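Peer 1: I have a structure here, written as structure tokens, and I will follow up with some questions on it.
The values are calculated or read from the model by the stated rules, or taken from the named source; none is laboratory data. Just so it is clear, the model here is predicted, and its values are computed rather than measured. All Cβ positions, even for glycine, are placed from backbone atoms using ideal geometry, and neighbour counts span all protein chains on display.
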């Protein structure tokens, strides 16, 4: 009988990773960003930026549950309304403190063992995809990781946050892979597991405890990843999406 760590990887042609909380530690990043934001508040004499960012994250969670078609615009307008400030000021603050500033901390927050897992997946001929709630190209570069497919919730043909499965459906179309031959790696049951379940895709979730819904793991050093880490190059097999 095969153990769970082997069977979960059997017949997988594509592995899709969430970004925030899956490729790097969000608590570690948020601690570093909190220090930067506090320094900015002291310098400016105002906690307005911190207040706007708190409301922005709150409204994004609300929009993820509601899944409106105009979420990209509403993430700014709803936050602006709650904070009684301009929509453009919200967008500027988000661009600076959600997109640009965290980049300098990401490498220090990357989970240990992740690079070896990516290398093992490539050796085995499997394709790697990333599905992010935010633009991910720069994040992957800073993290020192590469993916065959990079899809964001803000892409024009997605415009939807998980658990809406549109992002996953786009990746499957691009890769030409069925959901049964793909695997989602995430850190949230309410977002990653639910989105994958809606397209019939298996998931593994980074979590501190076991859960009956799917296989969970604590670290990329767990035995779950042993079959990937010991993968050998597959003769004649090219990764999904690769060009000859």
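Peer 1: Only one of (1) touching a residue at least 24 places away in the same chain (Cβ under 8 Å); (2) part of a helix (DSSP H, G or I) fails for residue 95. Which number is that?
Peer 2: In the conditions (1) touching a residue at least 24 places away in the same chain (Cβ under 8 Å); (2) part of a helix (DSSP H, G or I), residue 95 misses (1) alone.
Peer 1: Right, next: Is region 2-16 home to any residue that is on the phi < 0 side of the Ramachandran plot, outside the structural domain of residue 201 (by TED's automatic domain parsing) and surrounded by 18 or more Cβ atoms within 10 Å (Cβ to Cβ)?
Peer 2: no
Peer 1: Give all pairs with beta carbons closer than 6 Å in which a residue from region 125-138 that is assigned by TED's automatic domain parsing to the domain that holds residue 177 and at pLDDT below 95 meets a residue that is assigned to a strand (DSSP E or B) and surrounded by 22 or more Cβ atoms within 10 Å (Cβ to Cβ); count only pairs at least 6 apart in sequence or on separate chains.
Peer 2: If the second residue must be assigned to a strand (DSSP E or B) and surrounded by 22 or more Cβ atoms within 10 Å (Cβ to Cβ), the pairs left are 136/130.
Peer 1: Exactly one condition in (1) in a strand (DSSP E or B); (2) more than 30 Å from residue 91 (Cα to Cα); (3) in contact (Cβ under 8 Å) with a residue 24 or more places away in the chain is false for residue 185; which is it?
Peer 2: Every condition holds for residue 185 apart from (2).
Peer 1: Sort out which residues of region 106-121 are touching a residue at least 60 places away in the same chain (Cβ under 8 Å), part of a helix (DSSP H, G or I) and crowded, with 18+ Cβ neighbours inside 10 Å, and write them in order of number.
Peer 2: Scanning region 106-121 gives 106, 109, 114, 117, 120, 121.
Peer 1: So how many residues does region 227-238 have that are out of contact with any helix residue (DSSP H, G or I) (no Cβ under 6 Å at 6 or more places or on another chain) and either modelled with pLDDT of 95 or more or on the phi < 0 side of the Ramachandran plot (or both)?
Peer 2: 6
Peer 1: Would you mind telling me which numbered condition in (1) in a loop (DSSP other than H, G, I, E, B); (2) modelled with pLDDT under 95; (3) touching a helix residue (DSSP H, G or I) at 6+ places or on another chain (Cβ under 8 Å) residue 85 fails?
Peer 2: All conditions pass for residue 85, except number (2).
Peer 1: Oh, and also: Would you tally the residues in region 212-223 being under 25 Å from residue 178 (Cα atoms) and either crowded, with 19+ Cβ neighbours inside 10 Å or in contact with a strand residue (DSSP E or B) (Cβ under 7 Å, 6 or more places away or on another chain) (or both)?
Peer 2: Adding up the residues that qualify gives 4.
Peer 1: Check residue 38 against each of (1) surrounded by 14 or more Cβ atoms within 10 Å (Cβ to Cβ); (2) more than 21 Å from the chain's Cα centre (by Cα) and name the one condition it does not meet.
Peer 2: Residue 38 satisfies every listed condition except (1).
For every residue, the table says whether it meets (1) modelled with pLDDT under 95; (2) in the same structural domain as residue 75 (by TED's automatic domain parsing); (3) within 21 Å of residue 20 (Cβ to Cβ).
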| site | (1), (2), (3) |
| --- | --- |
| 163 | no, no, yes |
| 175 | no, no, no |
| 181 | no, no, no |
| 196 | no, no, yes |
| 203 | no, no, yes |
| 206 | no, no, yes |
| 218 | no, no, yes |
| 240 | yes, no, no |
| 244 | yes, no, no |
